[in-house]
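Enquirer: Dropping a structure here in structure tokens format, bear with me for questions.
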Amino acid sequence: MTAYPTAAADATALFGRQGQLVSLGIAAEPRLLEDLLEVLASLDFPVNPQLYHRPAQVFVEFPAYASQVDQVRSALRSTGFDPGSLQVCGILARPAAG
């Protein structure tokens, strides 16, 4: 089951033609960053990632529409990344970067 923030739950939600704009975040080991960025570059929509570096992990964050979340999860799964590592929240209430 996939849960997305709703307009009723988030009065400050932003919407576009493809639905609600959300913030996606993925934590990865630093050695896997290049592979993760390649996965994101292969998506059917442009990704402008912001990177947060920590000693043992890198957090990659980028905006997308709620309708694109399943595509990101599928791409992660098909390339060996844990799709459960994907964090989704409203664009104005972004996930903590570590």
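The values are calculated or read from the model by the stated rules, or taken from the named source; none is laboratory data. These numbers were taken from a predicted model, which means no experiment stands behind them. In this analysis, Cβ positions are derived from the backbone assuming ideal geometry, glycine residues included, and neighbour counts consider all displayed protein chains.
Enquirer: Scan region 3-11 and give yes if some residue there is surrounded by fewer than 19 Cβ atoms within 10 Å (Cβ to Cβ) and at pLDDT 90 or above, otherwise no.
Expert: No, that holds for no residue.
Enquirer: Name, by its number, the condition in (1) in contact with a Gly (Cβ under 9 Å, 6 or more places away or on another chain); (2) farther than 26 Å from residue 17 by Cβ; (3) modelled with pLDDT of 95 or more that does not hold for residue 80.
Expert: Single failed check for residue 80: (1).
Enquirer: Considering only residues that are part of a loop (DSSP other than H, G, I, E, B) and of a type in the set (D, E, K, R), look in region 35-92 and name the one that is surrounded by the fewest Cβ atoms within 10 Å (Cβ to Cβ).
Expert: 44
Enquirer: Cβ contacts < 6 Å: first residue within 19 Å of residue 83 (Cβ to Cβ), restricted to region 17-34; second residue assigned to a loop (DSSP other than H, G, I, E, B), any location; separation 6+ or different chain. Result?
Expert: Cβ pairs passing all conditions: 22/91; 23/91; 23/94; 25/95; 27/57.
Enquirer: Another question, if that's okay. Out of the residues in region 24-34 meeting the condition of being touching a strand residue (DSSP E or B) at 6+ places or on another chain (Cβ under 8 Å) and not aliphatic (A, V, I, L, M), tell me which one is surrounded by the most Cβ atoms within 10 Å (Cβ to Cβ).
Expert: Top of the filtered list is 25.
Enquirer: Filter region 69-86 down to residues that are among the basic types (Lys, Arg) and more than 10 Å from the chain's Cα centre (by Cα), then give me how many there are. Walk me through how you get there before you give the answer.
Expert: So the first thing to find is which residues in region 69-86 are among the basic types (Lys, Arg), and the list is 73, 77.
Filter once more, so that each one left must be more than 10 Å from the chain's Cα centre (by Cα): 77.
Qualifying residue count for the region: 1.
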